[in-house]
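Heads up, the thing below is written out as structure tokens.
The values are calculated or read from the model by the stated rules, or taken from the named source; none is laboratory data. What you see is a predicted model; the values in this text were computed from it and never measured. Cβ placement follows ideal geometry from the backbone for every residue including glycine, while neighbour counts extend to all protein chains displayed.
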Amino acid sequence: MMDAFLNNVKPNTRSTPQLKDKSTLLAEEHPKKKVKREETDDSDTDSVNYQIHGPPLKTWPLLPKERDGLDNSADDDVIERSETEDTNISRSTAIDSSLPEIKLDKKAIEDYQNFKSSQENDVSNASTRLDSRAWERGNSSLYVDAFNLALDTVLDEEAHLFDRKEKRVFDEWKSLDYEAQFLYVRLFLRKTSSWHRIARLRYYNDITDTEAAVKVLQKNRDLTSETSPVQQSPIPELSSFIQERCGFEDAFTFADASEDFIDSVEESISLLTLDELKVLAKEAKVQGKNKSDLTKAVCRMSNQQAGLLSMGLRRTDTAESAESSGQETPTPDRRSPMSGSGDDGNRRKHFLDKILAVAGPCVRLSLPVFKLFERVHLVFYRSTEWTEKSLTTIILAKISRRNFPSYIVSRSSNIFTSRSQLLEFETAMKSNYTVDSILEFNGPITEKGFQKVIDVFETIYPRWICILQEEQEKEEWIYESGEGTYLRRLSPGHAYTRIIHKAAYVFGRLKEHRREHEVLSELLSQHLFHLARRGSWYQRKALLEEHYMHALLPNPAYTDPERQKNHWKSIAAATCEKALEDPDCHLKYHYDLQKRLVKLEKQLKIPVRLQHDFGHVQLKRPEQHHVEGIQLKKLDSIGKNGRGPSTKTIWIDEAEGGGECTVEAMCLSWYRSQGWKGYHAEGGIIRTLFAYLFFDILFLYIPNVFQTAYQTCPLDLHTDAFYRTRASEINHRLVEIANARAPQLIKEVDKREREKRTCIVGLNWDYELEDLLELADCFDGEALATVCKVMAQDYGQRGGGIPDLILWRAEPQKECMFAEVKSANDRLSDTQRLWIHVLTGAGLRVALCNAVAKEVREI
């Protein structure tokens, strides 16, 4: 059924697949948003720091971070690099990042709906309707087709992951009429913890009778004829960290009705708008400055305790509320409106009836069914990190008439071999989110919060050891070359390893350095999970050995304190050597490790002839260039939405006609006057070169990384699995690049793909081939290979921070230079410093171009 989208490939048939033609956490309660927090990343993209950042967060999908690291006061030479600028960027999920940039707006949806080549009577499901490009208003929509596409695919290939009752729910779903399905899917993509006032559901273009569609969803459906075995948590101890289990009993509904569930003033009052609340407050003769104050006042007047419900907490809030660090979760007063005696009960009933009369009937998605469909999407996307964009972009990509690379589409159906394995993965993700909510989501971490993280660690640690053994056996006997690296991201061990990593941080914060050292040693002893973190683990382990372990674990062979210290310093030096020899320790960590190793060898008084010499990668300070220009300042300028003025400066481009320009364009014109060619690309041209040079490797057949026929890159590109899985091919290509074959590789790809403008991640076809060839020719081969290796090891993070300008010239000699433009008060970010280290270490010229205003004109 899914031939146009997904070609099924058995895991051990790598030689037989067909080439296509060129053409979370699962919340235990109603989640507030459908958008998931990105773990791709998250587990790999934040891997440059051995630290947990914990500012108060209000937005779940984005995780801004601060420098709140481990205690390193005794180690001034350690540079803890924050990734603030990386994590503040809106993260894309793995499936989103692999698909082309397609704008999901009203026009895109209308184009899909109006685009039909036929309306055959036998168009009966999402897949065939998409293949024939047939759509009929009132019978199908982009959202319903996308939703059913995921469901049909999962049931075709992995129905064994669901029990009888759940399959019965799917059958009932398929029997729903179009309007009921449309309403459910639209609510599924909204803030599903909220009650929705039926009168305010305005889907008039697709639903002729909203109330009838709601009644269909709220209909009670029998499940008594179906029996399913009781599913126990794979790790019973983890149940204490999960608020509530959701399952099906003898009946279910797709949606809840307000008259059956809303029984308190606190819960019902949240349905009112501010204007409606003011009218109610006036009748109750209470006052308040804002909606929150008015809500509390009305609750007090109704003689109900103004508890947590009036503050926004409901039974529908997700697990993060219950897992806030160091705080018990109070239970709000949920008495019946008729509870209490005499006037109190009458007053409560009066206000409740009044509110419900104003709000009218309301609908909310039923939790068990919602959870079930979340599980379906987890299986379909092989990720807990899917969004509304994930749900629709596959379909929009199909009708976009774009050209995609030729690659083998493979979707193995045995990623989750059993229902229990899927449930364990879910349990692991919930435990992971429990730890995240303590360390990242709730402000300052209390002692009780630290202890709860340690409790989770102690619970999952034995299971983690077992999973390591199981996965190692699979790696040796089952998985083909490279297949297991990405699949392990869907193993409970991936989430458990992240918990172990964060527990090590907690031990450090609690000054339990001996325990921390043991955990780090365990993490480094395995080469299966979170490989991108190994460099930070080595760094921290060496720090502990240098400064703390001599007092915590003295060697009985030495009685002299100095000899004890030297003993552990020699172990720290050995740790640094091992890190530098570890192929899974990313290049970005090498400079700090080399620096520590050289320092330790000097302290240990190792003979000079036996000391390591890293002179060949010695960092040079960036050159300082000063460019003078005329700056324009706008008087009384106001930013968007009433904000302050933009920090971007405006300059006059004297070399290009005197028009207004950015500071980068002004500096670029100055460099051109000095004989350089260049672009203000901020990494765009580097990503383009990478796509050219690694085109065939990007689309090399690796099982399970090409789930659809409309990807611009493999799903694992933004993870630590990309480099590890293709290490042999990548290293071979790096040798070719170092041997000056880059121009030839670019020509071959450009000749084959430019006319079609094939959609490839990072590749911008607007760059002229002549400029790309000239740049590659001026680039030192070994330097370009180093840059490409950093991109291959950490593509997701290293796209940012590259200097603003890339410059090259053929006379008087071939050379390439990067320039980071800074105007007054600008400072280098941590990722910019990291790239400067990488570029200067590769022997490239790097300049800090300081823009100086020789004249300031006010406009």
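How many residues, within the range 151-179, are small (Gly, Ala, Ser) and either more than 16 Å from Ile415 (Cα to Cα) or outside the structural domain of Leu422 (by TED's automatic domain parsing) (or both)?
Of the residues in the range 151-179, the ones small (Gly, Ala, Ser) are 159, 175.
With the extra rule that they be either more than 16 Å from Ile415 (Cα to Cα) or outside the structural domain of Leu422 (by TED's automatic domain parsing) (or both), the set shrinks to 175.
Number of matching residues: 1.
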### Task
Quickly run through the range 571-584 and pick out the residues that are at pLDDT below 90 and surrounded by 16 or more Cβ atoms within 10 Å (Cβ to Cβ).
Asp584
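Is it the case that Lys215 is closer than 29 Å to Ala357 by Cβ, at pLDDT below 80 and surrounded by fewer than 18 Cβ atoms within 10 Å (Cβ to Cβ)? Before you say what the answer is, go through the steps one by one.
Numbers: closer than 29 Å to Ala357 by Cβ: yes; at pLDDT below 80: no; surrounded by fewer than 18 Cβ atoms within 10 Å (Cβ to Cβ): yes.
Considered against the rule, which asks whether it is closer than 29 Å to Ala357 by Cβ, at pLDDT below 80 and surrounded by fewer than 18 Cβ atoms within 10 Å (Cβ to Cβ), Lys215 comes out as no.
Is it the case, given these coordinates, that Ala819 is buried (at least 20 other Cβ atoms within 10 Å of the Cβ), more than 23 Å from Ile686 (Cα to Cα) and modelled with pLDDT of 85 or more?
On the way: buried (at least 20 other Cβ atoms within 10 Å of the Cβ): yes; more than 23 Å from Ile686 (Cα to Cα): no; modelled with pLDDT of 85 or more: yes.
It is false that Ala819 is buried (at least 20 other Cβ atoms within 10 Å of the Cβ), more than 23 Å from Ile686 (Cα to Cα) and modelled with pLDDT of 85 or more.
Looking at the range 556-570, can you tell me whether even one residue there is among the polar types (S, T, N, Q) and crowded, with 20+ Cβ neighbours inside 10 Å?
Going through the range 556-570, the residues among the polar types (S, T, N, Q) turn out to be 559, 564, 566, 570.
This time we only want the ones that are crowded, with 20+ Cβ neighbours inside 10 Å, so: none.
Among the residues of the range 556-570, not one is among the polar types (S, T, N, Q) and crowded, with 20+ Cβ neighbours inside 10 Å, which makes the answer no.
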### Query
Within the range 266-280, can one find any residue that is surrounded by fewer than 17 Cβ atoms within 10 Å (Cβ to Cβ), over 30 Å from Tyr184 (Cα atoms) and modelled with pLDDT of 75 or more?
yes
### Task
For the range 173-185, name all the residues that are of a type outside the set (Gly, Ala, Ser), surrounded by fewer than 16 Cβ atoms within 10 Å (Cβ to Cβ) and in a helix (DSSP H, G or I).
Lys174
### Query
Which condition number in (1) at pLDDT 75 or above; (2) surrounded by fewer than 17 Cβ atoms within 10 Å (Cβ to Cβ); (3) within 38 Å of the chain's Cα centre (by Cα); (4) not in a helix (DSSP H, G or I) is the one that His612 fails?
(3)
### Answer from Tyr558, Tyr505, Tyr486, Tyr538 - the residue that is of a type in the set (Ser, Thr, Tyr) and not in a helix (DSSP H, G or I)
Tyr558
### Query
Has the range 222-239 got any residue that is part of a helix (DSSP H, G or I) and at pLDDT 80 or above?
no
### Message
For the range 701-741, which positions are surrounded by 18 or more Cβ atoms within 10 Å (Cβ to Cβ), of a type in the set (A, V, I, L, M, F, W, C) and farther than 17 Å from Glu774 by Cα?
### Response
Ile702, Val705, Phe706, Ala709, Cys713, Leu715, Leu717, Ala721, Phe722, Ile730, Leu734
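Across the range 681-723, which residue is farthest from Arg489 (Cα to Cα) among those that are among the β-branched types (Val, Ile, Thr) and either outside the structural domain of Ala783 (by TED's automatic domain parsing) or in a helix (DSSP H, G or I) (or both)? I'd like the intermediate steps shown before the answer.
Within the range 681-723, the first condition is being among the β-branched types (Val, Ile, Thr), and the residues that meet it are 685-686, 688, 697, 702, 705, 708, 712, 719.
Applying the additional criterion that residues be either outside the structural domain of Ala783 (by TED's automatic domain parsing) or in a helix (DSSP H, G or I) (or both) yields 685-686, 688, 697.
Numbers: Ile685: 31, Ile686: 28, Thr688: 28, Ile697: 21 Å.
For the range 681-723, the residue satisfying everything is Ile685.
Before we move on, is Cys778 hydrophobic (A, V, I, L, M, F, W, C), surrounded by fewer than 20 Cβ atoms within 10 Å (Cβ to Cβ) and closer than 23 Å to Ile836 by Cβ?
Numbers: hydrophobic (A, V, I, L, M, F, W, C): yes; surrounded by fewer than 20 Cβ atoms within 10 Å (Cβ to Cβ): yes; closer than 23 Å to Ile836 by Cβ: yes.
Here the answer is yes, as Cys778 does meet what is asked.
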### Query
How do the pairs read when you match residues in the range 817-843 that are under 16 Å from Phe779 (Cα atoms) with residues anywhere that are of a type in the set (Val, Ile, Thr) and part of a helix (DSSP H, G or I), using Cβ under 6 Å and keeping only pairs 6 or more apart or on different chains?
Val838/Val790; Gly841/Val617; Ala842/Thr786
### Query
Just wondering, is there one or more residues in the range 672-689 that are surrounded by 13 or more Cβ atoms within 10 Å (Cβ to Cβ), among the basic types (Lys, Arg) and at pLDDT below 80?
no
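Residues to consider are Ile685, Ile746, Ile737; find the one that is under 21 Å from Thr786 (Cβ atoms) and under 30 Å from the mean Cα position of the chain (by Cα). Even if it seems obvious, please write down each step before you answer.
On the way: Ile746 fails: under 30 Å from the mean Cα position of the chain (by Cα); Ile737 fails: under 30 Å from the mean Cα position of the chain (by Cα).
Just one listed residue meets the conditions, Ile685.
Working carefully through the options Glu483, Glu424, find the one that is out of contact with any Phe, Trp or Tyr (no Cβ under 9 Å at 6 or more places or on another chain) and not assigned by TED's automatic domain parsing to the domain that holds Glu374. Don't jump to the end; show me each part of the working.
Working: Glu424 fails: not assigned by TED's automatic domain parsing to the domain that holds Glu374.
Selected residue: Glu483, the only one of Glu483, Glu424 that is out of contact with any Phe, Trp or Tyr (no Cβ under 9 Å at 6 or more places or on another chain) and not assigned by TED's automatic domain parsing to the domain that holds Glu374.
How about the range 750-797: which of its residues are assigned to a helix (DSSP H, G or I) and either farther than 24 Å from His680 by Cβ or among the polar types (S, T, N, Q) (or both)?
Lys751, Arg752, Glu753, Gly781, Glu782, Ala785, Thr786, Lys789, Ala792, Gln793, Gln797
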